[in-house]
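We did not get these values from a lab; they are worked out from the coordinates using the rules stated. Model, not experiment: these values are computed from the prediction. With ideal geometry, Cβ positions are generated from the backbone for all residues, glycine too; neighbour counts draw on all protein chains shown.
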Amino acid sequence: MPRPGTFGRQLRSLLWKASVADEVDAELAFHVEMRTREYIARGLDPELARAKAVGRFGDLNRVNDTCRRIGEGRERDMRRAEWIHEFVQDARYALRQLARMPGFTAVSALTLAIGIGATTAIFSIVNAVVLRPLPFPEPDRLVRVYTNRRGVDGSASAANFVRWRERSHSFSELVPVEYRNFTLLTGDRPAEQVTGLRVSADFFPALGLTMRLGRPFSNEEDQPGHDNVVILNERFWKSRFNGDSGIIGRSVRLNAVEHVVIGVISPAADVMTADANIWVPIAFTTEERADSRKGYLDVFGRLAPGVSIAQAQSEMSAIAKPLETELEENRENGVRVASLMEVYVGSYRSRLFILLGAVAFVLLIACVNVANLLLARGAARGKEISIRAALGAGRGRVLRQLFAESVVLAGIGGTIGLLLAFWGVRALKAVAPSEVPRLDQAGLDWLTVAFALGATVLSSIVFGLVPALRTARSDLQGALREGGRSSSLVARDRVRQLLVAAEVALSLMLLVGAGLLIRSGIILQRVEPGFATARVFSAWLALPPAQYESVESVRSAYDRILQEVRAVPGVESAAGITVIPITGLSAQGNFIPEGRSEDPANSISFNFRVATPGVFQTLRIPVKLGRDFDDRDVAGSPCVIIVNEAGAKKAWPNENPIGKRIPGRREPNGQRTMCSVIGVVGDAHDDGLREAVRPQIYFASAQAPEAFWFAMQRSMFILARTTGDPRAMTKQLQAAVGRVDPTLPMFDIRTMDERISASLATGKFNTMLLTTLGAIGLLLAAVGIYGVVAYFVTQRTGEIGLRMALGATPGSVLRLVVGQGMRPVVLGIVVGVGLAGAASRLLASLVFGVGTRDPLTFVAVPAVLGVIALAASVLPARRAIRVDPTKALQS
Amino acid sequence: MAVAAKDLHGTLDALILKTLSWGPRHGYAIARWLEDTSADELVIEEGSLYPALYRMERKGWIEAEWGESELGRKAKLYRLTTVGRKQLRAETEEWARFAGAVSRILLPA
């Protein structure tokens, strides 16, 4: 649309400033009067002429209204157009100004781009992982319900679960989930191992999950005997069945039992159950309903309308109390109700917010830097601005102009920053550990772009306002008289020095955080896992119950598999173990050593696992006392166990643990079998290297009861120590397993080295991010310090020349100039150390092996920062001693 | 019989623009000029004329300033803008097309 002419409006406002309404009145009155004269001229009586003119006009009021409305609309259009015009003018002028100083513009825009880019990238990740709600209807009403024993959350037994469901009123739905592994056979391919879930029929409506195809389970199908139906995950349906919609009604073999495919579930389910490929009805049997010993259910709930988590918690606690005695082996089993979102992202929340805080620092440093550059430029432009002011530009106009420059600068920085963020998010996703939930959903969506925009606007205000105010306020006359060197220079210097001090303090805090994490990482690397990880192959096997019903068949299958594995050339030794150390997956049990009272205070929590002979040799866990399991330890022989040193010390301090006994499994007659310690082995880290070693018990696999194999889904990890690269052995080892059962797939194939680094990945990721941010902050701060000193040198060239002419040595001039640069640095370091000491406590959960006030970090970081600051000020200061006194004094 | 200009859909704007193409005029003069030129065959209704002027001013086709009328009275004078001139050309062509089409039907040769 063309810009409406402003001529008439300007004229009018100059002449009589009439309102639109007055104008319309006058114009229409004029018309009526002219018409009246026309009629009089034609010979009509004036009275009559006027009446006729008015009559001819028609509804004068309506016309007046219409005209006024349109006229006022036009006024609005014009005001808007003028505003845009002036803004474009300002922006254009700003662009010209910026183009005139390409160096300044490049440095400032890039500085801002780094700040905005880093902040936006991290925000997009925080948004995806922490802020975005779960993709279910009313996600804030979803909860997890745990069996809680002495503060430790655990899975619920079926007996507990069915009673919770019968007796509670706090939930509109309470649903059980059991993770299970299945061997899938479709006839067209070899058997494969798939992960799956057993769920109740109301699971899908409880979470609000919708079917992509087919239907959910019916209540009848949730009954034993009617449960041979299966639902596929959409991802799995696409990858394994090519998205064939004819799959519904087809039959597949799961654990050697025919199941009919009845549905495909939408991918929303992936959020919580990323690795579940198939879903079957849980269909509790009568035995399962009565079983309170095995906890294997993850319980989810949807709070009933108007019920809070606290109310649900108190109801569930009341329900759990009588169940402690009502059910077998259920003592001390309480209940904990937790928000699903909290469970899901809880541990990442604080870490990511720390990161977000850290990048906000980087953005702040960037802003301070640009403010500093602008201040220097404002000083250089003192004369230009004085002239503009002298020519009649009001202070507001000058201020607006300077501000427009900030906005344009921030706009350029923000645009580049958004690009950086786009690449940054990709890079972060590529290097981030895979277990961070929902990370794959991070990207530049509208919210992220809005964030970047907000950061841009905010930063333009932060870095633009102070310099603009200062520049516009400068003593205009003075500036003209002194040729640009005004008396307010001293005050401006002070502001600039304060800004540098702030930069130094902020980057010091970042670097202290990074330093603490780096120190933790180094210490963590030195922690001995308690076993030798090099050249160890590991893979997981699960025997389908249909083919391996009895304990004997399970034992003999693993015996034969291990024989085959050991026979593979290049395998030094091999063994089976139910849970590999370091993975943090250990089962825990409470045991009271023989001879002590049944007082819960005497019970010791052990991580327990079942192992075949040879496991210690394979993992190089030293046998400190006694012996490893061997052929003597079989089903009929006395129950034997091996404990680690931490366990031995805890259970039998200052005693020889060999021959000591603890109660093991419960026999059909209700008695517990006593198991004797036959060996003590070294401590192996179970829950990652950060966690202290826990007491551990190893049971002999040949003696493990059926209930145990049931709980472990007849699964074991196969370990093989190889002479060469274990990865290269995968094929031969798979073939070895195949010679025992060609339908048995291997799962979770990894070397032990890989498992260790996976356990450290999150920590390394945090360290890397914080270090990168610290380095960026340091770089920006160095640029800022350089700028201040360089500016000082430029401003004082005359003074320096005079000093040198009067005999000052280059050394003393250098000291003067560098001292000027270092003063704010020292202030920044002092303030920064103080702030970092307070803020580092936020990192308490992330550091390892050092205090959050680690003296080494708190000395090394300021020292490094000081050295870099010194370099940044010496560099421009050298220009000062090259000043030619005669030239300096002439200018 | 005289025709009300508003009955000829969309032509009032074109007529006003044409009137102004001879020079700046106030509202009354526009009405009179149209009436005189059409020998009173066209009746310009004030109820349509003034809203049309305001609308076209908002669109930027014409602009207004307060000036002196022939009789020495203050009057709001309208004049054509460059955009308005272009618009007049477009509307004239449109009218020629329309009139031609109607003529071919009503007055076959």
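Taking amide H as placed 1.01 Å from N in the peptide plane, residue A:630 has no amide H partner under 5 Å among residues 5 or more places away or on another chain. Applying 1/(1 + (r/R0)^6) with r as the Cβ-Cβ distance of residue A:874 and residue A:465 and R0 = 41 angstrom yields a FRET efficiency of 0.80. Between residue A:841 and residue A:440, take the C-beta separation as r, use R0 = 30 Å, and let me know the FRET efficiency to the nearest 0.05. That pair, residue A:841 with residue A:440, gives E of 0.40. Mean separation of Cα pairs under 8 Å and 6 or more residues apart, divided by the residue count, gives chain A a relative contact order of 15 percent. Annotation: extensible slack from residue A:652 through residue A:453 equals 65.2 nm (criterion: 0.36 nm per residue apart, minus Cα-Cα distance). Of the trypsin sites (Lys or Arg not before Pro) found in segment A:121-228, those that fall in a DSSP loop while having at most 14 other beta-carbon atoms within 10 Å are A:150.
If both residues of a DSSP beta bridge must be in segment A:155-270, then about 75% of such bridges are antiparallel. Counting only the Cα atoms, segment A:540-613 fills a convex hull of 155 Å³ per residue.
Only helices enter the 222 nm calculation for chain A: every DSSP H run of n ≥ 4 contributes -39,500 (n - 2.57), and dividing by all residues gives -18000 deg cm²/dmol, rounded to 500. Per the Cα gyration tensor, chain B maps to an equivalent ellipsoid with semi-axes of 27, 17, 11 Å, ordered largest to smallest.
Anisotropy class assigned to segment A:697-773 is oblate, per the alpha carbon gyration tensor with a/c at or over the 1.5 cut-off and a/b no larger than b/c. Partner shielding of A:64-72 amounts to 4, given as the average count of beta-carbon atoms from other chains within 10 Å of each residue beta-carbon.
Between residue A:29 and residue A:138, the simple label model (points 7 Å from Cα in the Cβ direction) yields a spacing of 6.7 nm.
Taking only the Cα atoms of segment A:73-141, the radius of gyration and Dmax are 21.3, 59 Å.
Hey, can you grab everything whose amide H is under 5 Å from the amide H of residue A:624? Only 5+ residues off in sequence or another chain; H modelled, so Pro and N-termini drop out. Here the answer is A:680, A:681, A:682, since their amide H atoms fall under 5 Å of that of residue A:624. The phi-based Karplus calculation (6.51 cos²θ - 1.76 cosθ + 1.60; θ = phi - 60°) puts the 3J(HN,Hα) values of segment A:247-263 at 5, 4, x, 7, 10, 10, 9, 10, 6, 6, 10, 5, 10, 9, 6, 10, x Hz, whole numbers, x for Gly and Pro.
Assuming charge only on the beta carbon of Lys and Arg (+1) and of Asp and Glu (-1), the dipole of the protein assembly as shown about its Cα centre is about 4420 debye to the nearest 20. Unpaired Cys in chain A, meaning no second Cys C-beta under 4.7 Å: A:67, A:367. Distance between the modelled labels on residue A:192 and residue A:667, one decimal in nanometres: 4.7 nm (7 Å Cα→Cβ projection).
Placing R0 at 56 angstrom, the Cβ-Cβ distance between residue A:415 and residue A:799 gives a FRET efficiency of 0.85 after rounding to 0.05. Annotation note: trypsin sites (Lys or Arg not before Pro) in segment A:67-105 located in DSSP loop regions with a Cβ neighbour count of at most 11 within 10 Å are absent. Scalar couplings 3J(HN,Hα) for segment A:33-44, obtained by applying the Karplus form with A = 6.51, B = -1.76, C = 1.60 to θ = phi - 60°, are 5, 4, 4, 4, 4, 4, 5, 4, 4, 7, x, 7 Hz; x denotes Gly and Pro.
Stretching residue A:630 away from residue A:597 to a fully extended chain increases their span by 8.7 nm, per 0.36 nm per residue minus the current alpha-carbon distance.
Other protein chain C-beta atoms within 10 Å of residue C-beta, averaged over B:38-51: 3. Only lysines eight or more places from residue A:649 in sequence, or on another chain, were considered; those with a Cα closer than 30 Å are A:294, A:624, A:660.
Between the Cα long axis of helix A:102-126 and the first principal axis of chain A there is an angle of about 40°, rounded to the nearest 10. In chain A, the longest principal axis of the Cα atoms and the axis of helix A:60-100 are about 80 degrees apart. Charges were assigned to the Cβ only: +1 to each Lys and Arg, -1 to each Asp and Glu. The resulting dipole of segment A:151-331 about its Cα centre is roughly 340 debye. With the cut-off at under 20 Å, measuring from each backbone N in segment A:276-300 to a point 7 Å along the Cα-to-Cβ line of residue A:590 picks out A:291-297.
Since only A:499, A:593, A:307 are under comparison, the one whose Cα sits farthest along the positive direction of the charge dipole of chain A, derived from C-beta charges on Lys, Arg, Asp and Glu, is A:499. For chain A, the longest principal axis of the Cα atoms and the long axis of helix A:752-795 meet at an angle of about 20 degrees. For a straight C-alpha distance cut-off of 15 angstrom, the aspartates and glutamates reachable from residue A:429 (same-chain residues fewer than eight places away being disregarded) are A:440. If only the Cβ of Lys and Arg carry +1 and only the Cβ of Asp and Glu carry -1, the dipole of segment A:632-757 around its Cα centre is close to 220 debye. With the convex hull of the Cα atoms taken as the outline of segment A:647-756, the averaged projected area works out to 10.0 nm². Each residue of segment A:191-238 gets 102 Å³ once the volume of the Cα convex hull is shared out per residue. What the phi angles of segment A:304-312 give under the Karplus curve with 6.51, -1.76 and 1.60, with θ = phi - 60°, is a coupling list of 5, x, x, 9, 8, 4, 4, 5, 4 Hz, glycine and proline written as x. In this simple spin-label model, placing a label point 7 Å from the Cα along the Cα-to-Cβ direction at both residue B:104 and residue B:73 gives a separation of 4.8 nm.
Size descriptors for segment A:151-331, from the alpha-carbon set: Rg then Dmax equal 17.4, 53 Å. Stokes-Einstein diffusion coefficient for the protein assembly as shown at 20 °C in a medium of 1.002 mPa s, Rh from the Kirkwood formula over Cα pairs: what value in µm²/s? Result for D is 58 µm²/s. Counted over segment B:3-106, the DSSP beta bridges are approximately 80% antiparallel.
Residues whose amide H falls under 5 Å from that of residue A:675, counting only those 5 or more places apart or on a different chain, are A:662, A:664, with hydrogens built in the peptide plane.
Our estimate of slack between residue A:218 and residue A:311, defined as 0.36 nm per intervening residue step minus the Cα-Cα distance, is 30.4 nm. Shown for segment B:3-106: lysine pairs separated by 8 or more places, or found on different chains, whose C-alpha atoms are under 19 Å apart, numbering 6. Highest mean packing first, where packing is the average number of other Cβ atoms within 10 Å per residue, the peptides A:705-715, B:44-54 line up as B:44-54, A:705-715.
Mean projected area of the convex hull spanned by the Cα atoms of segment A:7-88, taken over all viewing directions: 6.6 nm².
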